[in-house]
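To start, the structure under review is shown below, and the notes come after it.
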Amino acid sequence: MNEKISVRQICFILFAYNAATKMLLFPTFAAEAAGNALIFPILFDLAVQTAVVWSVAYLSSRTDKTLFALLEDNLGKVAARVIYALLGLWFLLSAVVPVNEQQLLVHDAFYDTMPSLWIFMPFFVFAVYAGVKSLTNVGRCADLCFPIFLFCTLSFMVMAVEGADFTALLPVLKGPFNKVAGLGVSSLYRFSESTFLLIFMGHYKYGKGDAAKMTLSYAAGGIAAVAFITLFYCVYGPLAPTRSFALSSISVFFPSISYVGRIDLYLLYAFDIVALFATVLNIQAFVHCMCKVFSRDCRIIYSLAACAALIAVTFAVNNNFITLQKAAAGWFWIPALAFAYILPPLAWILRRKR
Amino acid sequence: MNNSLEEKIARVKGELTSEDILVFRFSSLSGRNFACVYTDGIVDKNMIGELIVKPLREVKAEDGADRIKKLLAAPELKDGKDFADVIERISDGDAALFAEGAEEVFILGVKSPPGRAVAEPPTQVTVKGPREGFTEDIKVNLGLVRKRVKSPALQVKTITCGKQSRTAVAICYLEGICKKGLPEKIEKQLKANEIDILADSSYAAGFISQRPRSLFKRNATCEKPDIFCAKLCEGRVGLICDGSPIAITVPYMLVEDFQTAEDYYSVSYRATILRVLRFAAVLLGILLPAFYVCAQLFKIQLIPAKLLFKIASSVAGIPLSPSVEIFFALFVLEVLNEASIRMPKYVGLALSVVGALVLGDTAVKAGIISTPAVIIIAFSAICLYTVPDLVETSATLRLMFLIIAGSVGAFGVILAIAFIMSYLVTEQSYGVPLLSPYAPVIAKDMRDAIYKYDTGALKTRPKALKSPNKVRLKNKR
């Protein structure tokens with residue numbers, strides 16, 4: 001299977017997918033957790049993860065091997081497999097929240113009446129199909145998603161800016177510090193894109209300045225998400241936590257909506273294509289890890305297994321997303337810290353040969 | 001072939017037993033006997049008289065084969081290699097000349113199959129630019145190509161396909177511009193298929209396609225020699241099949257279908273606008289019926305409020321559900337479309353009146369289907385025909401999306417789009433990604449994709465085609 005991906009495609013992933021996953025339910029939770037100070041913990045998480053992304057990107061300039069090959073050279077085959085198995089489990093775990101957010105978005109924005117959970121099941125058919133695809137496919141999908149994301153996000157923001165009251169952000173840091181810090185810690189798991197970069201290592205040709213390109217792309221994507229979240233808070237102010245999806249509510253005050261209808265919903269649908277690819281990226285990464293762990297290219301089985309697990313979780317948390325969200329906010333940051341913040345810099349201590 | 005003249009003719013007639021294989025016997029003034037064997041209906045008999053019989057009247061009894069060859073005035077003159085070759089040439093429309101006392105058999109190209117004149121193709125009509133179109137005659141078609149590309153780099157390799165039809169297929173490419181090994185690969189793939197009859201170039205298209213069962217085609221078709229030649233000059237390989245006015249070019253990129261010859265003959269801004277329009281029209285044509293059904297069944301907010309009231313008043317009292325109603329309207333449209341193509345022209349006119357008035361107006365008045373449903377299906381049909389080469393695919397997609405929209409709603413439609421995107425990004429036509437230059441992004445090739453630069457700025461051949469000769473234009477800009 002062709003597993004080549006280009007730096008440009010990685011940049012698109014770090015920009016568009018990174019931002020898209022943070023624009024579904026995260027703005028509402030951030031507004032609820034930190035009020036008008038929501039921007040600071042997000043920026044903090046973004047800054048830390050950007051540094052980690054840089055460390056992985058820069059590591060690629062020192063070796064052309066995959067992470068698995070590096071681990072194999074340094075720690076042996078068994079240890080490499082164990083680490084990849086754990087990494088795979090992390091990807092599966094990190095897919096839980098996006099998948100359930102996607103399900104809620106579908107119920108909220110695609111239907112007038114609350115549909116059955118079964119209506120969401122075709123998503124898993126797509127996830128199984130996309131899960132077996134190669135990294136080349138992942139990269140090329142990002143090529144297509146990037147302009148869609150850019151167009152939709154810019155349109156959302158342009159439509160929202162008229163209804164925004166930027167004084168809602170004042171006074172700065174009105175909320176209690178522990179709440180703000182709490183958001184910083186609990187949302188650590190949402191900023192874990194460096195793990196994707198670990199998977200991409202060795203599958204792209206590093207050129208001069210590529211580490212900077214990737215880091216800046218990630219930072220730019222994060223800033224786009226921060227801008228969107230801030231705008232959302234400025235539109236709704238203290239009422240922001242009551243709006244379930246920023247995407248479906250941020251532009252409703254745009255004057256033309258009353259004449260031309262809910263064009264923002266069409267934009268949301270287009271945006272959802274990007275969100276779908278961003279969500280299945282976790283499954284694709286899981287499948288990639290499992291292929292290495294078992295040294296067999298039974299992608300369809302790994303993909304089916306991942307989707308079966310996610311279906312089970314989706315049914316378990318049906319209509320009880322708040323519980324899942326609380327659980328995620330409560331302890332997801334621990335594995336996130338290990339895999340997305342500690343593991344990537346640790347990769348630097350591995351002995352490498354070009 | 002060292003038997004007597006009569007024995008040779010008997011042997012040929014023993015192999016070609018059909019009554020339309022004629023033997024024309026004649027003698028020179030000195031009494032030397034000759035026999036010309038040919039297939040009736042596809043040779044020019046005047047040419048036989050002028051190029052063979054007249055000159056050979058001078059042959060003397062003792063003249064050898066060299067003298068006979070010298071006297072023959074035919075520009076296409078070959079020696080028959082063996083008996084099998086002679087049989088094949090006669091079947092193909094050439095004439096075989098047997099001379100008394102000579103071992104050689106002369107093959108003379110006097111083929112003149114019935115065919116129509118060069119005319120403007122019905123599917124690629126242009127306002128500006130050349131109007132010549134391919135015909136069913138491979139020789140005429142190759143002539144039209146040669147007329148435009150006079151370079152010695154133009155290579156034409158003719159092979160025969162079809163066990164019974166023995167159809168000639170010309171593989172055309174420009175040496176040094178086309179990717180090395182590509183014509184050979186196509187030839188190999190064509191030869192790997194042994195079929196009775198190669199009735200049309202679409203058969204060949206199926207044979208050279210790496211995924212013949214896919215909904216998305218892997219080759220471009222064209223009916224105009226100017227487009228064909230331009231594609232050869234970009235580094236593609238072209239196939240011209242005898243008996244088909246439609247030529248095939250590979251490798252293929254999906255974006256090719258959104259381009260027309262006229263784009264290159266008009267201002268680049270206008271061409272860009274038209275390409276965007278075609279792209280938007282195809283998207284709209286595929287998705288509009290689906291989203292109309294989604295809006296009515298699952299998300300009424302997708303329709304502006306004022307329009308919603310209009311639609312509500314139109315659909316009130318319609319006995320069918322929105323999805324069944326649209327499906328019914330689409331079914332009627334497809335039936336009308338199919339019937340109007342197959343029927344004779346004068347019946348077709350009556351049919352369109354019946355279709356438009358009886359099925360359209362009356363069905364709406366009777367309250368069987370609503371006016372918006374008719375408008376949406378009609379508009380969708382018009383939209384799809386802005387890119388005629390994609391109609392087969394886009395009409396199937398429209399039906400597929402309609403079924404998904406009626407059962408799952410907008411989320412199903414979005415998932416299907418994502419599914420198609422994921423499928424298409426890694427699909428290839430002879431190593432060239434179908435969605436190139438957008439996935440993967442090839443910035444230079446985007447100069448002539450949906451956006452079109454002026455011709456002076458298109459200095460390099462499409463990078464995706466991996467041509468060994470990259471530069472196609474040198475200027476000081």
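The values are calculated or read from the model by the stated rules, or taken from the named source; none is laboratory data. No experiment lies behind these values; they were computed from the predicted model shown. FYI the Cβ positions are ideal-geometry reconstructions off the backbone, even for glycines, and counts take in every protein chain you see.
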Q | Positions within region A:60-88 being free of Cβ contacts under 8 Å to residues at least 24 places away in the same chain and under 21 Å from the mean Cα position of the chain (by Cα), in sequence order | A | none
(Q) Take B:Gly360 and tell me if it is small (Gly, Ala, Ser), more than 10 Å from chain A (Cβ to nearest Cβ) and under 22 Å from B:Val315 (Cβ atoms). (A) yes
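Tell me yes or no: at least one residue of region B:243-254 is without any contact (Cβ under 8 Å) to a residue 40 or more places away in the chain and within 13 Å of another protein chain (Cβ to nearest Cβ). Write out each step before concluding.
First, pick out the residues of region B:243-254 that are without any contact (Cβ under 8 Å) to a residue 40 or more places away in the chain: B:249.
Within this subset, residues satisfying the condition of being within 13 Å of another protein chain (Cβ to nearest Cβ) are none.
Looking for residues that are without any contact (Cβ under 8 Å) to a residue 40 or more places away in the chain and within 13 Å of another protein chain (Cβ to nearest Cβ), one finds none in region B:243-254, hence no.
What residue, among those in region B:83-103 that are touching a residue at least 60 places away in the same chain (Cβ under 8 Å) and among the charged types (D, E, K, R), is surrounded by the fewest Cβ atoms within 10 Å (Cβ to Cβ)?
Taking region B:83-103 first, the residues touching a residue at least 60 places away in the same chain (Cβ under 8 Å) are B:83, B:86-88, B:90-92, B:96-101, B:103.
Okay, now just the ones that are also among the charged types (D, E, K, R), so B:88, B:92, B:100, B:103.
Values: B:Glu88: 16, B:Asp92: 16, B:Glu100: 17, B:Glu103: 11.
Looking at residues that are touching a residue at least 60 places away in the same chain (Cβ under 8 Å) and among the charged types (D, E, K, R), I get B:Glu103.
Can you go through B:Leu284, B:Leu277 and tell me which one is part of a helix (DSSP H, G or I), more than 23 Å from B:Pro122 (Cβ to Cβ) and at pLDDT 95 or above?
Numbers: B:Leu277 fails: more than 23 Å from B:Pro122 (Cβ to Cβ).
Testing whether each residue is part of a helix (DSSP H, G or I), more than 23 Å from B:Pro122 (Cβ to Cβ) and at pLDDT 95 or above leaves just B:Leu284.
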Q.
For region B:417-426, give me each residue that is surrounded by 20 or more Cβ atoms within 10 Å (Cβ to Cβ) and more than 10 Å from chain A (Cβ to nearest Cβ).
A. none
Q: Considering (1) among the hydrophobic types (A, V, I, L, M, F, W, C); (2) out of contact with any helix residue (DSSP H, G or I) (no Cβ under 8 Å at 6 or more places or on another chain); (3) closer than 30 Å to B:Ala117 by Cβ, say which one B:Leu277 fails and leave the rest.
A: (3)
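Kindly indicate the residue of region A:166-178 that is part of a helix (DSSP H, G or I) and in contact (Cβ under 8 Å) with a residue 60 or more places away in the chain and also surrounded by the fewest Cβ atoms within 10 Å (Cβ to Cβ) among those meeting that condition.
As a first pass, look at region A:166-178 and keep what is part of a helix (DSSP H, G or I): A:166-169, A:177-178.
Okay, now just the ones that are also in contact (Cβ under 8 Å) with a residue 60 or more places away in the chain, so A:166, A:168-169.
Working: A:Phe166: 11, A:Ala168: 17, A:Leu169: 18.
Top of the filtered list is A:Phe166.
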**Q.** Neighbours by Cβ (under 8 Å, 6+ apart or cross-chain): first from region A:102-121, in contact (Cβ under 8 Å) with a residue 40 or more places away in the chain and within 11 Å of B:Ala410 (Cα to Cα); second surrounded by 15 or more Cβ atoms within 10 Å (Cβ to Cβ) and of a type in the set (Gly, Ala, Ser)
**A.** A:Ala109/A:Ser248; A:Phe110/B:Gly409; A:Phe110/B:Ala410
Q | Conditions (1) within 13 Å of chain B (Cβ to nearest Cβ); (2) closer than 20 Å to A:Ala227 by Cα: number failed by A:Ala168 | A | (1)
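With respect to A:Ala181, determine if the residue is in a helix (DSSP H, G or I), surrounded by fewer than 23 Cβ atoms within 10 Å (Cβ to Cβ) and away from every other protein chain (no Cβ under 14 Å). Lay out the reasoning, then the answer.
Working: in a helix (DSSP H, G or I): yes; surrounded by fewer than 23 Cβ atoms within 10 Å (Cβ to Cβ): yes; away from every other protein chain (no Cβ under 14 Å): yes.
Yes; evaluated as a whole, the condition is true for this residue.
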Q. Looking only at residues in region A:238-256 that are of a type in the set (A, V, I, L, M, F, W, C) and over 23 Å from the mean Cα position of the chain (by Cα), which one is surrounded by the most Cβ atoms within 10 Å (Cβ to Cβ)?
A. A:Phe254
(Q) Suppose we filter A:Leu144, A:Leu117, A:Leu150 for residues that are at pLDDT 95 or above and more than 11 Å from chain B (Cβ to nearest Cβ); which single one remains? (A) A:Leu150
Q) Are any residues in region A:138-165 free of Cβ contacts under 8 Å to residues at least 40 places away in the same chain and closer than 26 Å to B:Ile442 by Cα, and if so, which ones? A) A:Leu144, A:Pro147, A:Leu154
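Which ones in region A:304-354 are of a type in the set (S, T, N, Q), exposed (fewer than 13 other Cβ atoms within 10 Å of the Cβ) and part of a helix (DSSP H, G or I)? Can you show your working first?
Step one: of region A:304-354, the residues of a type in the set (S, T, N, Q) are A:314, A:318-320, A:323, A:325.
Going one step further and asking which of them are exposed (fewer than 13 other Cβ atoms within 10 Å of the Cβ), we end up with A:319-320, A:323.
If the condition is that a residue be of a type in the set (S, T, N, Q), exposed (fewer than 13 other Cβ atoms within 10 Å of the Cβ) and part of a helix (DSSP H, G or I), then A:Thr323 is the only one that fits.
Here is a list: B:Leu29, B:Leu51, B:Leu22. Which entry is at pLDDT 85 or above and more than 23 Å from B:Asp137 (Cβ to Cβ)?
Working: B:Leu51 fails: more than 23 Å from B:Asp137 (Cβ to Cβ); B:Leu22 fails: more than 23 Å from B:Asp137 (Cβ to Cβ).
Checking each option against the conditions leaves just B:Leu29.
Would you confirm whether any residue within region A:287-303 is more than 13 Å from chain B (Cβ to nearest Cβ), crowded, with 16+ Cβ neighbours inside 10 Å and modelled with pLDDT under 90?
First pass over region A:287-303, keeping only residues more than 13 Å from chain B (Cβ to nearest Cβ): A:287-302.
Narrowing the set further to residues that are crowded, with 16+ Cβ neighbours inside 10 Å leaves A:287-293, A:299, A:302.
Next cut, modelled with pLDDT under 90 only: none.
No; the residues of region A:287-303 include none that is more than 13 Å from chain B (Cβ to nearest Cβ), crowded, with 16+ Cβ neighbours inside 10 Å and modelled with pLDDT under 90.
Within region B:299-306, is even one residue more than 21 Å from B:Cys383 (Cα to Cα), touching a residue at least 24 places away in the same chain (Cβ under 8 Å) and of a type in the set (A, V, I, L, M)? Steps first, please.
If we filter region B:299-306 for residues that are more than 21 Å from B:Cys383 (Cα to Cα), which is where we start, we get B:299-301, B:304-306.
Going one step further and asking which of them are touching a residue at least 24 places away in the same chain (Cβ under 8 Å), we end up with B:299.
Among the residues that remain, those that are also of a type in the set (A, V, I, L, M) are: none.
Scanning region B:299-306, I find no residue that is more than 21 Å from B:Cys383 (Cα to Cα), touching a residue at least 24 places away in the same chain (Cβ under 8 Å) and of a type in the set (A, V, I, L, M), so the answer is no.
For (1) within 14 Å of chain A (Cβ to nearest Cβ); (2) small (Gly, Ala, Ser); (3) without any contact (Cβ under 8 Å) to a residue 60 or more places away in the chain, each residue gets a yes or a no:
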position	(1), (2), (3)
B:Thr396	no, no, no
B:Gly409	yes, yes, no
B:Gln428	yes, no, no
B:Ala439	yes, yes, yes
B:Ala443	yes, yes, yes
B:Ile450	yes, no, no
B:Tyr453	no, no, no
B:Gly456	no, yes, yes
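Being surrounded by 19 or more Cβ atoms within 10 Å (Cβ to Cβ) and in contact with a strand residue (DSSP E or B) (Cβ under 8 Å, 6 or more places away or on another chain) is the filter here; which residues of region B:143-170 pass it?
So in region B:143-170, the residues surrounded by 19 or more Cβ atoms within 10 Å (Cβ to Cβ) come out as B:144-145, B:154, B:161-162, B:167-170.
Those that are surrounded by 19 or more Cβ atoms within 10 Å (Cβ to Cβ) and in contact with a strand residue (DSSP E or B) (Cβ under 8 Å, 6 or more places away or on another chain): B:Val145, B:Leu154, B:Cys161, B:Thr167, B:Ala168, B:Val169, B:Ala170.
Give region A:11-22 a look and list any residue that's farther than 14 Å from A:Phe277 by Cβ and either under 9 Å from the mean Cα position of the chain (by Cα) or free of Cβ contacts under 8 Å to residues at least 24 places away in the same chain (or both), or say none.
Once the filter is applied, which keeps residues that are farther than 14 Å from A:Phe277 by Cβ and either under 9 Å from the mean Cα position of the chain (by Cα) or free of Cβ contacts under 8 Å to residues at least 24 places away in the same chain (or both), region A:11-22 yields only A:Lys22.
Are any of the residues in region A:50-59 in a helix (DSSP H, G or I) and without any contact (Cβ under 8 Å) to a residue 24 or more places away in the chain? Spell out how you get there, then give the answer.
Of all residues in region A:50-59, those in a helix (DSSP H, G or I) come to A:50-59.
Among the residues that remain, those that are also without any contact (Cβ under 8 Å) to a residue 24 or more places away in the chain are: A:51.
Checking region A:50-59: at least one residue is in a helix (DSSP H, G or I) and without any contact (Cβ under 8 Å) to a residue 24 or more places away in the chain.
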Q: Could you list, in sequence order, all residues of region B:379-428 that are farther than 22 Å from B:Ser321 by Cα and among the aromatic types (Phe, Trp, Tyr)?
A: B:Tyr385, B:Phe419, B:Tyr423
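Let me confirm something: among B:Ile420, B:Ile450, which residue is under 28 Å from the mean Cα position of the chain (by Cα) and not assigned by TED's automatic domain parsing to the domain that holds B:Gly285?
Working: B:Ile420 fails: not assigned by TED's automatic domain parsing to the domain that holds B:Gly285.
Among B:Ile420, B:Ile450, only B:Ile450 is under 28 Å from the mean Cα position of the chain (by Cα) and not assigned by TED's automatic domain parsing to the domain that holds B:Gly285.
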Q. Which residues, taken from region A:199-216, are touching a residue at least 24 places away in the same chain (Cβ under 8 Å) and either part of a loop (DSSP other than H, G, I, E, B) or crowded, with 23+ Cβ neighbours inside 10 Å (or both)?
A. A:Ile199, A:Phe200, A:Met201, A:Gly202, A:His203, A:Tyr204, A:Lys205, A:Tyr206, A:Gly207, A:Met214
Q) How many residues are at the interface with chain A (Cβ under 7 Å from one of its Cβ atoms) and under 42 Å from the mean Cα position of the chain (by Cα) if we restrict to region B:299-322? A) 2
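Within 14 Å of chain A (Cβ to nearest Cβ) and surrounded by fewer than 17 Cβ atoms within 10 Å (Cβ to Cβ): which single residue out of B:Val276, B:Val293 fits that description?
Details: B:Val293 fails: surrounded by fewer than 17 Cβ atoms within 10 Å (Cβ to Cβ).
Result: B:Val276 is the single residue among B:Val276, B:Val293 that is within 14 Å of chain A (Cβ to nearest Cβ) and surrounded by fewer than 17 Cβ atoms within 10 Å (Cβ to Cβ).
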Q.
Given the criterion away from every other protein chain (no Cβ under 14 Å), part of a helix (DSSP H, G or I), crowded, with 16+ Cβ neighbours inside 10 Å and among the acidic types (Asp, Glu), identify the matching residue among B:Glu325, B:Glu338.
A. B:Glu325
